[in-house]
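Novice: Below: one structure in structure tokens.
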Amino acid sequence: MTTHVADCSVTNCSFNDHTNCNAAAITVGGAENHAHCATFIETGMHGGLPKVLADVGACQRSECVHNDHLMCKAPEVHVGPGRDNADCLTYSHA
């Protein structure tokens, strides 16, 4: 079972459709104490699926309390501006 991307407030992302993520799945990357959406793309054109289905496909932040074998086990994920343009706002260091 995967974790759903509940919302994304990064309006300049090509996968953003009215605060919904249209990517099939996102990857959460970054560095320790900081997690960002590695799927963020700013091209000026809209991409992704015709309906909102985005889940977290993989999470590279093994120190996050929600990470279980590189999979996100949070009830849902929120993406928005932070230290980077598109951060995983659900990230919580263990």
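The values are calculated or read from the model by the stated rules, or taken from the named source; none is laboratory data. Only a predicted model underlies this, so the values are computations on that prediction, with no experimental measurement involved. Here Cβ is always computed from backbone atoms with ideal geometry, including for glycine, and neighbour counts include all displayed protein chains.
Novice: If you check Asn16, Asn33, Asn12, which single one turns out to be in contact with a Cys (Cβ under 6 Å, 6 or more places away or on another chain) and not β-branched (Val, Ile, Thr)?
Specialist: After applying the criteria, what remains is Asn16.
Novice: When you scan the range 35-58, do you find a residue that is within 17 Å of Met1 (Cα to Cα) and among the polar types (S, T, N, Q), even just one?
Specialist: No: zero hits.
Novice: Another question, then. Of the residues Val77, Val52, which single one is surrounded by 15 or more Cβ atoms within 10 Å (Cβ to Cβ), of a type in the set (A, V, I, L, M) and touching a residue at least 60 places away in the same chain (Cβ under 8 Å)?
Specialist: Of the residues listed, the single one that is surrounded by 15 or more Cβ atoms within 10 Å (Cβ to Cβ), of a type in the set (A, V, I, L, M) and touching a residue at least 60 places away in the same chain (Cβ under 8 Å) is Val77.
Novice: Right, another one. Among the residues of the range 32-63 satisfying the criterion of being in a loop (DSSP other than H, G, I, E, B) and within 9 Å of the chain's Cα centre (by Cα), which is nearest to Ser92 (Cα to Cα)?
Specialist: In this case the residue turns out to be Ala38.
Novice: Checking Thr39 against (1) under 12 Å from Phe15 (Cα atoms); (2) out of contact with any strand residue (DSSP E or B) (no Cβ under 8 Å at 6 or more places or on another chain); (3) modelled with pLDDT of 95 or more, only one condition comes out false. Which one?
Specialist: Tallying (1) under 12 Å from Phe15 (Cα atoms); (2) out of contact with any strand residue (DSSP E or B) (no Cβ under 8 Å at 6 or more places or on another chain); (3) modelled with pLDDT of 95 or more, Thr39 fails exactly one: (2).
Novice: Output yes when any residue across the range 9-23 is among the polar types (S, T, N, Q), part of a strand (DSSP E or B), on the phi < 0 side of the Ramachandran plot and surrounded by fewer than 17 Cβ atoms within 10 Å (Cβ to Cβ), and no when none is.
Specialist: Yes: one or more hits.
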